[in-house]
Amino acid sequence: MAVNVNEYYENIQNNYLFVEIARRVDKYQEENPDADLIKMGIGDVTKPLVKSVIKAFHNAVDEMADADKFRGYGPEQGYDFLIEDVIENDFKPLGVELKNSEVFISDGAKCDTGNFQELFSQDNIIAVTDPVYPVYVDSNVMAGRSGKPTDDGFYENIVYLPCTAENDFVPELPKEDVDIIYLCYPNNPTGTTLTKDQLKVWVDYAHEKNALILFDAAYEAFISTDNVPHSIYEIEGAKEVAVEFRSYSKTAGFTGTRCGYCVVPEEIFIKNSKGEDVQLNPLWNRRQSTKFNGASYPVQRAAQAIYTDEGKKEIRENLDYYLENAKVIRDNLEKIGLKVYGGVDSPYIWFKTPDDIDSWTFFDILLDQANVVSTPGAGFGPSGEGYIRLTAFNTYEKTVEAMERIKELKF
Ligand code: PLP
């Protein structure tokens, strides 16, 4: 008898980005105990849950202590009270009609974007933008959908779509045939967006090639520019070819509370090995019913409070606060002559290092000389080399202070 490992796990590159950042930061702090570090690296929020969310959360916890109101297992797909508010508030105003059965409440977009690939054959070819949120790639590597890692930081059998200043961060259509395309807009890590026309190119491509788009809209709430779609379903024909993921993490400070959802329209059909059509929505329903027992009742009530008038106002204030930080970062970096991207419809600012300094070297310069923790772009994929990501999630005061320090740097 022997327990054998899933060897696909051995393909995973030892690219523990945030572990390596933490290691460097800890070392620096140990050697410089008085250094006042400003953390603008990891994408976690700093503002607490808003009042109306906390009130709904408390009320729901109290219900759980009352024999008449107590709730046990809930629907794996989420409670209708939240699903209905999602449809009414997140999609109806965009002119998008959805059925309750097309919305699946979850404990966040990381799980959903990581798990969704289970529904597809191992032979399917996936395409990702580069740089990229690592979950899309790693979950497919674990499932055996990639080959081995290559020396230059890619994986065999995965198609990479470079997004750099050279193409204005708009990915080109793949030259080879691909089956599943991960798109994330507003983008993590680059903070850039696609216009409706630019996204339509992908929807049309998916129709033409019978491909499927997995669209991650975790940062949708940060969009203020007119022509930038909040949902892929604003694009004609998207319901037949796209799944959309949403998260309350950055929208409403749920990073530690955990709630999100995904939309799987009933119009999507994929193929079985006999070439017959198989509807995707029941497959995801089956997957969730088997492996997930629903987000907790108090968490779903807390999420529902975001859709009240008070809740909307409160989360808007927080989003605007982060967007103001983003503007401070953008403006200051531009003032010192850096090429800056993102940060308009996104809490992420992506900038080109001066003099083509590599990402990790510039990360160390920011850490040593400005005591600012950033994220090296190379950690998100080979096309991120030569870039740095800063987040707008710190306090306004610390953001301003960080910019003062960076402006003093000599490079
Ligand atoms: N998708 C993207 C692009 C993200 O950047 C993140 C978090 O950083 C997530 C999904 C995960 O969101 P959640 O907290 O809902 O799991």
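The values are calculated or read from the model by the stated rules, or taken from the named source; none is laboratory data. Keep in mind it's a predicted model, so treat the numbers as computed, not measured. No Cβ is skipped: glycine too gets one built from the backbone with ideal geometry, and neighbour counts run over all protein chains shown.
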Legend entry - Among (1) free of Cβ contacts under 8 Å to residues at least 60 places away in the same chain; (2) within 16 Å of the ligand (Cβ to nearest atom) - the single one residue 202 does not satisfy: (2)
Inset, instruction - Keeping to segment 160-196, report how many residues are more than 16 Å from the ligand (Cβ to nearest atom) and closer than 27 Å to residue 353 by Cβ. - result: 9
Legend entry - Residue check for residue 175: surrounded by fewer than 22 Cβ atoms within 10 Å (Cβ to Cβ) and not in a loop (DSSP other than H, G, I, E, B): no
Inset, instruction - Return yes or no: is residue 272 more than 16 Å from the ligand (Cβ to nearest atom) and either over 21 Å from residue 84 (Cα atoms) or in contact with a Ser or Thr (Cβ under 7 Å, 6 or more places away or on another chain) (or both)? - result: yes
Inset, instruction - Within segment 296-310, count every residue that is out of contact with any helix residue (DSSP H, G or I) (no Cβ under 8 Å at 6 or more places or on another chain) and either assigned to a loop (DSSP other than H, G, I, E, B) or farther than 19 Å from residue 87 by Cβ (or both). - result: 1
Inset, instruction - Test residue 188 against the criterion of being on the phi > 0 side of the Ramachandran plot, out of contact with any Leu (no Cβ under 6 Å at 6 or more places or on another chain) and at pLDDT 95 or above, and give yes or no. - result: no
Legend entry - Residue count, segment 116-145 (criterion: part of a loop (DSSP other than H, G, I, E, B) and either more than 18 Å from residue 213 (Cα to Cα) or among the aliphatic types (A, V, I, L, M) (or both)): 4
Inset, instruction - Run residue 300 past the list (1) outside the structural domain of residue 110 (by TED's automatic domain parsing); (2) within 16 Å of the ligand (Cβ to nearest atom); (3) not acidic (Asp, Glu) and report the number of the one that doesn't hold. - result: (1)
Inset, instruction - Of the conditions (1) assigned to a helix (DSSP H, G or I); (2) in contact (Cβ under 8 Å) with a residue 24 or more places away in the chain; (3) basic (Lys, Arg), residue 313 clears all except one; give me its number. - result: (2)
